[in-house]
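These notes concern the structure reproduced below.
The values are calculated or read from the model by the stated rules, or taken from the named source; none is laboratory data. Computed from a prediction, not measured in an experiment: that's the story for all the values here. For neighbour counting, all protein chains shown are included, and Cβ atoms are generated from backbone atoms with ideal geometry for every residue, glycine included. Ligands, DNA and RNA are stripped out before the accessible areas are found, and what is left, the full protein with its side chains, is counted by its heavy atoms. Shrake-Rupley method; radii C 1.70, N 1.55, O 1.52, S 1.80 Å.
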Amino acid sequence: LLPPRQGSSCLSGSELTEEQCCAAAELIGGNLRGGKFIVGDWSNTPSGCFLDASDKAIHFGKNVASINNGSFQPVCAAKTKVALLPSGKGLSCTEGRGFTKEDCFDAALSVGGIQRDDQFMVGDFANAPPGCSIEVSDNAIHFGTSSHSINNGNFRPVCIPAQGKATLLSARQSTKCTSGHYFSEDECKKAGLSVGGKLRNGEIFVGNWLHTPSGCFLDTSDEAIGFGTNTAGINNGAFQPVCIVDEVEATLYPAYQGNKCSPGYNFKEDYCVEAASSVGGILRSGRFLVGDWPDSPYGCFIDASDGAIHFGRNVAGINDGSFQPVCVPEEDEALLLPSLRGKECTQGHDFSEEECISAASSVGGSLRNGQFLVGNWPNTPYGCFIDASDKAIHFGTNMEGTNNGYFRSVCIAGDGPVTLLPPGIGAKCTPGHDFSEEQCIAAASSVGGLLRDGKFIVGDWPYTPPGCFIKVSDKAIHYGRNNDGINTGLFEPVCKLV
């Protein structure tokens, strides 16, 4: 979601189609004004998918020559990930990892950059790195046009991430990087800085030592970055190897009493540092802490007080509420339903009590005063849900409970993201983007559909689209079995966004 500034639009290649717009915009806070997806040929809006900044209403502009007057926020597909490097002296993006001038502004915005006096600073700066960067003092976005300029240490380069990230191993005797996970001498400085290393006298130190690991490392005495050229060197325990790690996806659970990874979703001890680092964990005093504690969860976790990475070997250990489990992401994607009276997950789409915190956190839920609220309430939906007022995560154990309209159920999503097409004459899902009759209720509910008098309406109508759809007048969910049916314009097809 780009900011509402004059002329702002999606980068080439990152535009969303009209069919993709609703589902994408709802994911980042957009809403349907009066229940309608607004499409037009305006001259003062960006082309493509956007939100009105005043009320977050979702629009789609068809005029490719239109110019944003500053009142609208373009909704774009993420073109690439962005890496914000530390503010080290001489640090810049490695060759082939720099953003172009055209892409710099939006890339830097995504990592916290701002305009200084409404200006994107472009110039032949002698003391800034070449290419895209953010100045440390005020986060102002710059683009240096000189390939010979040198970062004076006051700028953070904005780069395209490398394939391999850096991780810092513990300082133990003989510890070294595994084969294929070594940084080169040229890469060592940037990799070492990215894991908290420091430059001794402004440079990395390089040598052919016997007592250090080969490759990139940090000296534990002062965190200075070094590079050992002796492939036979053996770590004497005073150095922390800096190694390439493959991309790891991990889920960080909140710290509450008894919380742990679901069975089968624990990381092995060998992968814990890598996984925990990917969600913000750090090594306390350079050490990976492993133990048989009774008051911590089994498996990989971080201490909520300082982010220190641990691995608990006690399978009977119980989290006392001070630790955040680091788990393999669970497969089911969560879907947040609207806060409407009677709205709840369809049968077979409920998360369990053990899965609820992780699922609800993924759609914006939080623990109220650090507590996971479980109860047998009559006025809430059964299963996992959040309070619409403060997003507090709950689990209702009363299977007869009825949502009074103040709660949003957290459900297992159906097959793929859902989009709601506008109610045009002849409008229907494109081939291969249809939901089945069994999937229809869950899919349509996710985009505002309702069960009229509690009933799922199925028929063989000639005047409706085939497949899953919603009637515009009352949002009632229908399924049309007539493959030759033609939408008269009164119905909104519910389609898969693939």
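Some points to look at:
- Evaluation of E354 against the conditions (1) open to solvent by 10 Å² or more (accessible area, probe 1.4 Å); (2) more than 20 Å from the chain's Cα centre (by Cα); (3) more than 27 Å from E274 (Cβ to Cβ) shows that the sole unmet condition is (3).
- Residue tally, condition basic (K, R) and touching a residue at least 12 places away in the same chain (Cβ under 8 Å), over region 259-283: 1
- Test for P325: is it touching a Lys or Arg at 6+ places or on another chain (Cβ under 6 Å), farther than 30 Å from N404 by Cβ, crowded, with 20+ Cβ neighbours inside 10 Å and in contact (Cβ under 8 Å) with a residue 60 or more places away in the chain: yes
- Criterion (aliphatic (A, V, I, L, M) and open to solvent by 30 Å² or more (accessible area, probe 1.4 Å)) met by exactly one of L373, L421: L373
- Looking across region 189-203, the residues that are of a type outside the set (S, T, N, Q) and within 18 Å of P129 (Cβ to Cβ) come down to K189, K190, A191, G192, L193, L199, G202, E203.
- Annotation: of all residues in region 357-381 being part of a loop (DSSP other than H, G, I, E, B) and either within 11 Å of C411 (Cβ to Cβ) or within 20 Å of the chain's Cα centre (by Cα) (or both), the one that is modelled with the lowest pLDDT is S362.
- Residue match in region 436-449 (condition: assigned to a strand (DSSP E or B) and at pLDDT 80 or above): no
- Every condition in (1) touching a residue at least 40 places away in the same chain (Cβ under 8 Å); (2) part of a loop (DSSP other than H, G, I, E, B); (3) open to solvent by 10 Å² or more (accessible area, probe 1.4 Å) holds for N398 except the one numbered (1).
- Residue count, region 223-237 (criterion: open to solvent by 30 Å² or more (accessible area, probe 1.4 Å) and among the small types (G, A, S)): 1
- When E15, E19 are screened for being surrounded by 13 or more Cβ atoms within 10 Å (Cβ to Cβ) and assigned to a loop (DSSP other than H, G, I, E, B), only E15 passes.
- Residue list for region 247-257, restricted to those being closer than 29 Å to N369 by Cβ and either acidic (D, E) or open to solvent by less than 40 Å² (accessible area, probe 1.4 Å) (or both): A250, T251, Y253, P254, A255
- Put simply, of D124, D117, D138 the only residue that is touching a Gly at 6+ places or on another chain (Cβ under 8 Å) and acidic (D, E) is D124.
- Look at region 284-312: where a residue is under 21 Å from V242 (Cβ atoms) and a partner is of a type in the set (S, T, Y) and exposed (fewer than 15 other Cβ atoms within 10 Å of the Cβ), sitting 6+ places away or on another chain with Cβ atoms under 9 Å, you get A308/S285.
- Scanning region 117-132 for residues that are touching a helix residue (DSSP H, G or I) at 6+ places or on another chain (Cβ under 8 Å) and surrounded by 19 or more Cβ atoms within 10 Å (Cβ to Cβ) returns G131, C132.
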